[in-house]
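Accompanying notes for the structure given below.
The values are calculated or read from the model by the stated rules, or taken from the named source; none is laboratory data. As the structure is a prediction and not an experimental result, all values here were calculated from the model. As a convention, Cβ positions derive from the backbone with ideal geometry for all residues, glycine included, and neighbour counts pool all protein chains shown. Please note that ligands, DNA and RNA were not included when accessible areas were found on the heavy atoms of the full protein model with its side chains. Shrake-Rupley method; radii C 1.70, N 1.55, O 1.52, S 1.80 Å.
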Amino acid sequence: CLGTKNSIGWLLFISNLLIFVGNSTYLDDHGPPPQKVLPFPSQVVYNRVGKCGSRTVVLLLRILSEKHGFNLVTSDIHNKTRLTKNEQMELIKNISTAEQPYLFTRHVHFLNFSRFGGDQPVYINIIRDPVNRFLSNYFFRRFGDWRGEQNHMIRTPNMRQEERYLDINVCILENYPECSNPRLFYIIPYFCGQHPRCREPGEWALERAKLNVNENFLLVGILEELEDVLLLLERFLPHYFKDVLSIYKNPEHRKLGNLTVTVKKTVPSPEAIQILYQRMRYEYEFYYYVKEQFHLLKRKFGLKSHIRKPSPRPEFFIPSPLETEEPINDEEEDDEKWLEDIYKR
């Protein structure tokens, strides 16, 4: 035991030492550093819809990730969009622990991160006319694209020759499984989510998909207007997409993009197309809803919607609400306030 004077001396020494080092602990100096808060969305998910220009966009993202220094996280899984609860938890965990800022991309139906206690990322996506998407996929599975190397044979090695060369009109008119529901109900589940009812063609999945577009997606673009999609992405997410349009228009990049065009595509008969329209009723209701929202967004930020000859539509669709080029005077919310809200996500 120490004497009284020595005890008081040690107490004063320890007291002064605590004042000097503050309230730090061993973990403060040797534990993992606190996560840096970035002044822009640092978690972006592009749950890309198949045959909607995603390979073109991923080519751009590879260039942009090197140029701007964000973490591009891609997946080698291309044919598993529906996940079990455990698979969802595992994927969300893996995504959430990626180095930020990151952009994750995979063909996967919408994932609700907050359901599993994670931070909900910013979602982006692109869709296209449902019949054109279906036709692109139909012939791509059979004959691939201009990249060659028999990629389609590798992708569908078990496809019989009679199936590979099945006439598209026969497939549609004779109601083959590949050309009828539920296979034609393809785009909506990417936005509806992982719930089993999201795979059932109907109003429930349609309305849930619309709700998720409004609440969780920063932008859902239209492939037919890809340059405008890229312009808006550059405006909303400059830390990821700055200079994307100039890269896209570069002749060398265009050469690469042309290699992803599906070969041997043919157009079905008008009768077959009309049948596809009827079978894809909900897909078209969703497509025109997204297209309307996209055009409103374009006009809000000064991009004009060029009037094109409208595509034929079945009777159950209302006329397109956007045929004018006049700018919108939105007094309720200015552009910068809208972007500030997005960056707070």
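Once backbone amide H atoms are built at 1.01 Å from N, PHE110 has PHE191, CYS192, GLY193 as its partners under 5 Å, excluding neighbours fewer than 5 places away on the same chain.
Relative to one another, the C-alpha centroids of region 84-138 and region 211-244 are positioned 16 Å apart. Once the chain from LEU173 to LYS85 is taken as fully extended at 0.36 nm per residue, the excess over their C-alpha distance is 27.9 nm. Peptides 157-165, 283-291 ranked from most to least packed by the mean count of surrounding Cβ atoms within 10 Å: 283-291, 157-165. Please tell me which of these pairs span more than 21 angstrom C-alpha to C-alpha: LYS51/LYS291; LYS85/LYS291; LYS242/LYS298; LYS51/LYS264; LYS249/LYS304? Among LYS51/LYS291; LYS85/LYS291; LYS242/LYS298; LYS51/LYS264; LYS249/LYS304, the Cα-Cα distance tops 21 Å for LYS85/LYS291.
For region 112-249, what class follows from the C-alpha gyration tensor (a ≥ b ≥ c being the square roots of its eigenvalues): rounded when a/c is under 1.5, otherwise prolate if a/b is larger than b/c, else oblate? Because a/c hits 1.5 or more and a/b fails to exceed b/c, region 112-249 counts as oblate. Descending by average beta-carbon neighbour count within 10 Å, the peptides 241-249, 45-53 line up as 45-53, 241-249, the highest first. Expressed as a whole percent, the accessible area of region 86-224 that falls on carbon and sulfur atoms is 47 (1.4 Å probe). With a Förster radius of 41 Å applied to the C-beta separation of GLU200 and THR266, the computed FRET efficiency comes to 0.85. Of the chymotrypsin sites (Phe, Trp or Tyr not before Pro) found in region 50-145, none is in coil by DSSP with at most 14 other Cβ atoms within 10 Å of its Cβ. Taking a ≥ b ≥ c as the square roots of the eigenvalues of the Cα gyration tensor, region 47-132 is classed as oblate, since a/c reaches at least 1.5 and a/b does not exceed b/c. On full extension, the segment bounded by ASN158 and ARG254 gains 31.3 nm, given 0.36 nm per residue less the C-alpha separation. Solvent exposure of region 58-184, expressed per residue, is 52 Å² of accessible area, with all protein chains present and a 1.4 angstrom probe. In this structure, GLN274 and ASP243 have a Cβ-Cβ separation that, at R0 = 45 Å, corresponds to a calculated FRET efficiency of about 0.55.
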